[in-house]
Amino acid sequence: MDPSPIREITILPGRNRNGEPERFEAIVIRPGDTISVVGPTGSGKSALINDIEVFARNDTATGRTVLVNGEYPPEEFVRDPAHKPVALITQNTRCLADLTVAEFLAMHVRSRRIADDGIVERTIDLANEFTGEEIRAGARMTALSGGQTRSLLVADAVLIAAAPVLLLDEVENAGIFKERVIEVLRAGGKAVIFVTHDPLVSLLSARRIVMRDGAVERVIEPLDRENEALREALRLDGILRRMREQIRAGDLITGPVGA
Amino acid sequence: MRLAVVAGPPSAGKTAVVRQIIRTLLDRYRIAYLKIDVVRAFEDEELAAEFGIPARKVCSGDLCPDHAGVMVMRDAIAWAEGEGADLLLVESAGLCLRCSPYTTQALGIVVLSAVSGTNTPLKMAAMLGLADIAVVTRIDLVSQAEKEVFRERIREVNPDLDIVETNAVQGTGMRYLIRAIEDCPPITDPDTIVLRGAPPLGVCTVCIGKTEIGWQHHFGVVRRLEDADYLFRGD
Ligand SMILES: Nc1nc2c(ncn2[C@@H]2O[C@H](COP(=O)(O)OP(=O)(O)OP(=O)(O)O)[C@@H](O)[C@H]2O)c(=O)[nH]1
Ligand SMILES: [Mg+2]
Ligand SMILES: [Zn+2]
Ligand SMILES: [Zn+2]
């Protein structure tokens, strides 16, 4: 009894902090979509993605409702992680599991009853594409850096949890290769929602949800109007990334820095 | 009257869960609350002030709080019924983790925190084994993979346990716990309520005041360190 595939997830409006109704009709998320959620700290960004992750039914602080394929999702979508179509990667960059990386992933594979011998190794390999600090199978989960933890949890969400919708809460803070993450998620046909303060992540997303006072203020679709800004952001990000690698390697940065 | 017993390690989020239950059910049930703690507790005053419900506490002192709970439970039911309650929520500090305070004719709720480490479920097997529903709190602090691994650990201990994941401060996911409470049949005869499992042996020569270290100075259930991983295994 495989649940029907996810065609779309619909967010219906709730209320802002003053109890006034939100001013959008519905936000529809489909496979392959990239959406960023922006706004000042405390504006309700995390609450929005939490509503999606718990499939709010007018029973969270915001009063929003989240539908799957136009209906209330079946209970197993909400309660049984193996059927749940969304995976949230939280802002927390520490994993407190008393296990090694390989044990942790193997346990997750077992819980999902996946019969695939190579999947743990492939997940670690994918995670290593997202971070410059190598993750080893025998390392303890608690000893991973913020970037390593994030990378591993994103790779897990793609390959093991295999969720069609990913919610990423401030990925950029942990210092992972955002562009590569977005590339992999897009290629896999995932819908991705980023809560972000990072201009590059926002510009790489096709839609932007702007939050204020606990409510969705507006939804922007830049189309190609921001192409120039995106090109510049990519160039600057490239410069910063090279500098980061050089500094990490102990080099002195004396040559020209432009691209 | 319905009875629900909430237990779990210190700071697991038991009171946060109780608050959400009260908040949701207050307009449909008259709720009474009892906290069983070891030395000090404040929840009774807080919840009475916050929701205007009858609330009390008992401190077990040197006794295991779950044992203390068993002793006072019959009185507590009479007290709550006297208050006109149709739902009694009992929160047990459950510090000893060997005991399980769950009884017949009640819903057994075990609360544990998703950030307490992967081995926690294994350490509280007695509670998990005899509860009806596990509430995993602080779900807001962990990612999808961690949730699933934690859930798998609980399932290793008790494959039949119903699991509810929640941010207990916000009350997300709580609708399934509320449903379990409402689906639980009311007490039919309080005088026939019994513990679901016999608690482990609670007394050794240390318990009665001998302070010397080493088995040589004690009698009864004594073992050397090498003899067994378990000094004594109860029910
Ligand atoms: N972020 C987060 N914090 C939580 C959650 N549940 C509880 N807390 C916080 O954790 C702290 C302890 O929660 P309590 O509900 O008092 O825990 P308790 O199990 O009743 O504690 P004792 O009765 O003292 O053993 C409080 O500050 C809660 O606000 C949760 O799901 N998420
Ligand atoms: Mg408490
Ligand atoms: Zn005990
Ligand atoms: Zn003793």
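The values are calculated or read from the model by the stated rules, or taken from the named source; none is laboratory data. Predicted, not measured: the structure shown is a model, and the values here were computed from it. Glycine gets a Cβ as well: all are built from the backbone with ideal geometry, and neighbour counts include every protein chain shown. Each accessible area value is taken on the protein alone, full model and side chains, heavy atoms only, with ligands, DNA and RNA left out. Shrake-Rupley method; radii C 1.70, N 1.55, O 1.52, S 1.80 Å.
Using a cut-off of 9 Å between beta-carbons, work out the net charge of the residues near A:VAL68 (Lys and Arg +1, Asp and Glu -1, A:VAL68 not included).
-1
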Practice problem: Give A:LYS84/B:LYS14; A:LYS45/A:LYS190; B:LYS14/B:LYS147; A:LYS84/B:LYS35 a once-over and call out the pairs whose C-alpha atoms are over 24 Å from each other. | Solution: A:LYS84/B:LYS14; A:LYS84/B:LYS35
Quiz item: Once you have the alpha carbon radius of gyration of the protein assembly as shown, what is it after dividing by 2.2 N^0.38 Å, with N set to its residue count?
Solution: 1.11
Practice problem: Report the full-extension gain for the segment A:ARG186 to A:ASP224: residue separation times 0.36 nm, less the Cα-Cα distance, to one decimal in nm. | Solution: 11.9 nm
Quiz item: How well do other chains shield peptide B:150-161, expressed as the mean number of their Cβ atoms within 10 Å of each residue Cβ?
Solution: 2
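So what's the net charge close to B:ARG74: Lys and Arg +1, Asp and Glu -1, counting the other residues with Cβ under 12 Å from its Cβ? Could you put the intermediate results ahead of the total?
Values: positive: none; negative: B:ASP75, B:GLU81, B:ASP189, B:ASP191.
It works out to a net charge of -4.
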Self-check item: Spherically averaged projected area of the range B:79-167 from its Cα convex hull (nm²)
Solution: 6.5 nm²
Quiz prompt | Values of log10 I(q)/I(0), in the order q = 0.08, 0.09 Å⁻¹, for chain B under a Debye, Cα-only, solvent-free model | solution = -0.31, -0.39
Quiz item: Going by accessible area, probe 1.4 Å, with all protein chains left in place, what is the ranking of A:LYS190, B:LYS210, largest first?
Solution: B:LYS210, A:LYS190
Quiz prompt | Accessible area in the full protein assembly, largest first, 1.4 Å probe, for A:LEU12, B:LEU3 | solution = A:LEU12, B:LEU3
Quiz item: To the nearest 100 Å², how much accessible surface do chains A and B cover up together, summed over both, with a 1.4 Å probe?
Solution: 2600 Å²
Self-check item: 5 Å binning of all Cα-Cα separations within the range A:118-233, expressed as whole percents from 0 upward
Solution: 2, 11, 20, 22, 18, 13, 8, 5, 2, 0
Quiz item: When the Karplus curve 6.51 cos²θ - 1.76 cosθ + 1.60 is applied with θ = phi - 60°, which whole-Hz ³J(HN,Hα) does each residue of the range B:24-32 get, with x for Gly and Pro?
Solution: 6, 9, 4, 7, 10, 10, 8, 10, 10
Self-check item: HN-Hα J in Hz across the range B:134-151 - Karplus 6.51, -1.76, 1.60, θ = phi - 60°, x for Gly and Pro
Solution: 9, 10, 9, 8, 6, 5, 5, 9, 10, 8, 3, 4, 5, 4, 5, 5, 5, 4
Exercise. Just read off the accessible area of B:VAL169 with the full protein assembly in place, 1.4 Å probe, to the nearest 10 Å².
Key: 120 Å²
Quiz item: Which percentage, to the nearest 5, of the DSSP beta bridges contained in the protein assembly as shown is antiparallel?
Solution: 25 percent
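What does the convex hull of the Cα atoms come to per residue for the range B:17-103, in Å³? Working shown, then result.
Numbers: hull volume 7.7 nm³, N = 87.
Measuring per residue, one finds 89 Å³ for the Cα hull of the range B:17-103.
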Quiz item: Once a ≥ b ≥ c are taken as the square roots of the eigenvalues of the Cα gyration tensor of chain A, is the result rounded (a/c under 1.5), prolate (a/b larger than b/c) or oblate (a/b not larger than b/c)?
Solution: oblate
Exercise. Can you check how the C-alpha radius of gyration of the range A:140-196 compares to 2.2 N^0.38 Å, as a plain ratio?
Key: 1.08
Practice problem: Can you grab the distance from the C-alpha centre of the range B:1-16 to the C-alpha centre of the range B:99-121, Å, no decimals? | Solution: 8 Å
Quiz item: DSSP beta bridges in the range A:9-222, what fraction antiparallel, as a percent rounded to 5?
Solution: 50 percent
Quiz item: What average count of beta carbons from other chains do you get within 10 Å of the Cβ of residues in A:88-99?
Solution: 6
Quiz item: Residue by residue, what Karplus-based ³J(HN,Hα) values in Hz, rounded to whole numbers, does the range A:92-100 have, using 6.51, -1.76 and 1.60 with θ = phi - 60° and x for Gly and Pro?
Solution: 5, 10, 10, 10, 9, 5, 7, 9, 7
Quiz item: Which whole number in µm²/s is D for the range A:173-251 by Stokes-Einstein, with the Kirkwood Rh taken over Cα pairs at 20 °C and 1.002 mPa s?
Solution: 149 µm²/s
Quiz item: How big is the antiparallel share of DSSP beta bridges in the range B:67-204, given as a percent to the nearest 5?
Solution: 10 percent
Quiz item: Between the range B:20-75 and the range B:163-180, how many Å separate their Cα centres?
Solution: 20 Å
Practice problem: Pull out a ≥ b ≥ c, the square roots of the eigenvalues of the alpha-carbon gyration tensor of the range B:138-200, then state rounded if a/c is under 1.5, prolate if not and a/b is larger than b/c, and oblate in the remaining case. | Solution: oblate
